[in-house]
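Reviewing the structure listed below.
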Amino acid sequence: MSSKPDIYTTKRRGRITNMLFTSACFLATMTCIFLLVLLIWNIIIQGKGWLSWEFIERLPSRFPDKAGIKTALWGSIWLISLTAMFSVPLGVGAALYLEEYAPRSRWRKLIQLNIANLAGVPSIVYGILGLGLFVRALQLERSVLSGALTLTLVVLPIIILASQEALRAVPDSIRRSAYALGATRWQTVWYQVLPASLPGIMTGVILSLSRALGEAAPLIAVGAMAYVPFVPERLTDEFTALPIQIFIWTSRPQEDFHHLAAAGILVLLVVLVSMNAIAIFVRHKYGKKIRW
Amino acid sequence: MASTPSVKKHMQSSDKTTSDHSKSPIVRPSIPEGKSMRTADELAQATEKISVTDLSFYYSENRALTDISLSIPERCVTAFIGPSGCGKSTFLRCFNRMNDMIEGTRVEGEILLEGQNIYSPRTDIVSLRKRIGMVFQKSTPFPKSIFDNVSFGPKIAGIRRKKDLFEIVERSLQRSALWDEVKDRLSESALNLSGGQQQRLCIARALANDPDILLMDEPASALDPASTARIEDLIFELKEQYTIVIVTHNMQQAARVSDQAAFFYQGLLVESGATEELFTNPRKQQTEDYITGRFG
Ligand SMILES: Nc1ncnc2c1ncn2[C@@H]1O[C@H](COP(=O)(O)OP(=O)(O)OP(=O)(O)O)[C@@H](O)[C@H]1O
Ligand SMILES: [Mg+2]
């Protein structure tokens, strides 16, 4: 007979390979989900009894049953707000320059390579840089400002890369159409390219800020480990942050502090999940309108 | 493939010496009856809107256009025809200097718009592009509402009042024969429109700038016959007010809509003239071969 395949019979080998590959992928997914659920379950069990309104309202204390997370939560809110204020305009601006303005030269390639490398530098290195630059050289001391500037260093390369990606996803036909209608470069970027890439940029920004929220190492390097019994009110005030408070509690020998740490992690997770939810919402709301 | 050598021979001989119509039945694009096509005399009398002199164009070292000279009459439709890659789009983009955006390009010669050289260092590209609208081959609406698409040009030109913008949008959409289809959903995304509607939207968007000249690069190449017919009717109406230059691969279309036609081959302008004449009695053998579909 001819060598044409019969449409009703699959080759046996193909079928087995297919099955094996599907099961392997399924197994990998399940392993990840299982580990994640286990982790969160463990934390919920540990922190359950300790998570309460008072826990969020109280200042830190040497006594576990009086200790709260207020200063750390507010410290983190300060840090993230300031970091966003510094890193978003800088990062999006740099991405706009690199994608829309910079001539395609070797110089640009070099900068691009550097940014990609900076995004991979461990955050503790930025912490040490922040200690030398902001805390010592600029004499900002162990202030929220120092902390936020250091976190800005950490997230800046990521925000630049994510924004560049979003800008690159805007088809050139949009730019050409705008120019053909007599738009200047600024008008093209401001009225067409930027709005079209906004969902992508927002997602990148929120994801990198979530990362900043969980960073402890660079903050410890700039000296945020001190006992701070008050909520920062000025840029120059000392501060503590959620991941640092959690770290301090877990390193205590008493069992009760470990429960406190678990409760702190839950608070951190809630903040993180809400930030990611915003990212998804933005993507969904504005992304739907844009199809190329 | 017995005919190939003879086609080659034809293409080498530049001037047509013998007319051998009797040898092979030639299918010429028919010139439609009753349409108000400008005759050769009328064309000769029309005011010159754009004058191109010895224009050469280079993509880095590659010359894409060689010594092109052409006169484009006002309120007429000029069609650029020629095989793929011959430089029609490149030439079209020279008129509104869209080629400036491609790095490493170079222009020699001049293009005069009402006597002013558009390649003069004093030219303001932004105002030039406002006077010379362009419609691209693939419709490219902005991912915004229909209203925002059409009002973009006037908005960046400084018109802010909603009432003025609305008037312009309505007028432009009416001129591009789209108003009746979209008047109830101006705030909907332009991406929900059909291909033909999107193309008319892009025409409206260009018209909203109130240009003198409309450049169209294969505006109907992705459309069905009905939408194509609408666009062609539209071109016919628009030429009463605008000077139109259109690139097309469709000989029938060129014959239907244009008053003047220019045939390009490998970056050279082989022949140009009144469409009626160019299609019924081409002077060059290459032109004849192309319009009768024997090569290209
Ligand atoms: N951006 C560019 N960079 C370099 N060369 C180009 C560029 N655009 C076009 N060319 C070259 O210039 C020549 C003319 O191209 P052009 O697009 O003007 O042809 P065309 O007549 O419009 O063809 P088509 O009918 O297929 O659209 C081609 O050889 C093409 O390869
Ligand atoms: Mg083309």
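Among the conditions (1) away from ligand 2 (no atom under 16 Å from the Cβ); (2) of a type in the set (S, T, N, Q); (3) modelled with pLDDT under 90; (4) not in a helix (DSSP H, G or I), residue B:221 misses just one, which is (1). With respect to residue A:253, determine if the residue is out of contact with any strand residue (DSSP E or B) (no Cβ under 9 Å at 6 or more places or on another chain), in the same structural domain as residue A:82 (by TED's automatic domain parsing) and crowded, with 21+ Cβ neighbours inside 10 Å. No; evaluated as a whole, the condition is false for this residue.
Report whether or not residue B:81 is closer than 16 Å to residue B:270 by Cα and either modelled with pLDDT of 90 or more or near ligand 1 (Cβ under 9 Å from one of its atoms) (or both). Yes; evaluated as a whole, the condition is true for this residue. Entry remark, region A:223-244: residues being modelled with pLDDT of 85 or more and over 20 Å from the mean Cα position of the chain (by Cα) number 0 in total. Every test in (1) in contact (Cβ under 8 Å) with a residue 12 or more places away in the chain; (2) within 12 Å of chain B (Cβ to nearest Cβ) is passed by residue A:150 save one, and that test is (2).
Condition check ((1) at pLDDT 90 or above; (2) over 26 Å from residue A:184 (Cα atoms); (3) surrounded by 15 or more Cβ atoms within 10 Å (Cβ to Cβ); (4) in the same structural domain as residue A:236 (by TED's automatic domain parsing)) across all residues:
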| site | (1), (2), (3), (4) |
| --- | --- |
| A:89 | yes, no, no, yes |
| A:97 | yes, no, no, yes |
| A:117 | yes, yes, no, yes |
| A:124 | yes, yes, yes, yes |
| A:133 | no, yes, yes, yes |
| A:148 | yes, yes, yes, yes |
| A:163 | yes, no, yes, yes |
| A:166 | yes, no, yes, yes |
| A:169 | yes, no, no, yes |
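For region B:104-118, the set of residues classified as outside any loop (DSSP other than H, G, I, E, B) and either more than 13 Å from ligand 1 (Cβ to nearest atom) or under 23 Å from residue B:219 (Cβ atoms) (or both) consists of B:107, B:108, B:109, B:110, B:111, B:112, B:113, B:116, B:117, listed by residue number. If you check residue B:254 against the conditions, is it within 16 Å of ligand 2 (Cβ to nearest atom), more than 14 Å from chain A (Cβ to nearest Cβ) and either surrounded by 22 or more Cβ atoms within 10 Å (Cβ to Cβ) or assigned to a helix (DSSP H, G or I) (or both)? Judged against the criteria, residue B:254 is a match. Exactly one residue out of B:278, B:238 is free of Cβ contacts under 8 Å to residues at least 60 places away in the same chain and more than 16 Å from ligand 2 (Cβ to nearest atom): that is B:278. Scoring residue B:107 on the criteria (1) facing another protein chain (nearest Cβ under 9 Å); (2) in contact with a Phe, Trp or Tyr (Cβ under 7 Å, 6 or more places away or on another chain) leaves a single failure, condition (1). Evaluation of residue B:60 against the conditions (1) in contact with a helix residue (DSSP H, G or I) (Cβ under 9 Å, 6 or more places away or on another chain); (2) within 14 Å of another protein chain (Cβ to nearest Cβ); (3) touching a residue at least 40 places away in the same chain (Cβ under 8 Å) shows that the sole unmet condition is (1). Among all positions in region B:93-103, there is at least one residue which is of a type in the set (D, E, K, R), part of a helix (DSSP H, G or I) and either away from ligand 1 (no atom under 16 Å from the Cβ) or at pLDDT 90 or above (or both).
Taken over region B:114-138, the residue count meeting the criterion of being facing chain A (nearest Cβ under 9 Å) and polar (S, T, N, Q) is 1. Taken together, the criteria place residue B:121 among residues that are free of Cβ contacts under 8 Å to residues at least 40 places away in the same chain and either part of a helix (DSSP H, G or I) or more than 15 Å from ligand 1 (Cβ to nearest atom) (or both). Candidates are the residues of region B:208-218 that are under 11 Å from residue B:131 (Cβ atoms) and in a loop (DSSP other than H, G, I, E, B); the one that is nearest to the other protein chains (Cβ to nearest Cβ) is B:209. The single residue among B:32, B:73 that is within 22 Å of residue B:263 (Cβ to Cβ), more than 16 Å from ligand 2 (Cβ to nearest atom) and modelled with pLDDT under 90 turns out to be B:32. Residue A:132 meets the conditions (1) in a loop (DSSP other than H, G, I, E, B); (2) more than 21 Å from the chain's Cα centre (by Cα); (3) away from chain B (no Cβ under 14 Å); (4) not aliphatic (A, V, I, L, M) in every case but one. The failed one is (1). Is it true that residue A:71 is under 23 Å from the mean Cα position of the chain (by Cα) and of a type in the set (Ser, Thr, Tyr)? Taking the combined requirement at face value, the residue satisfies it.
Residues that are farther than 25 Å from residue A:178 by Cβ and either in contact with a Pro (Cβ under 7 Å, 6 or more places away or on another chain) or modelled with pLDDT of 90 or more (or both) occur at least once in region B:181-189.
At least 2 residues being closer than 30 Å to residue A:173 by Cβ is the threshold, and among the helices (runs of 4 or more DSSP H) wholly inside region A:192-259 those reaching it are A:194-214.
Taking the listed residues A:168, A:211, A:175, the one that is within 14 Å of another protein chain (Cβ to nearest Cβ) and basic (Lys, Arg) is A:175, with no other qualifying.
The values are calculated or read from the model by the stated rules, or taken from the named source; none is laboratory data. Since this is a predicted model, take the numbers as computed values, not measurements. Don't worry about glycine lacking a Cβ; one is built from the backbone with ideal geometry, like all the others, and counts go over all protein chains shown.
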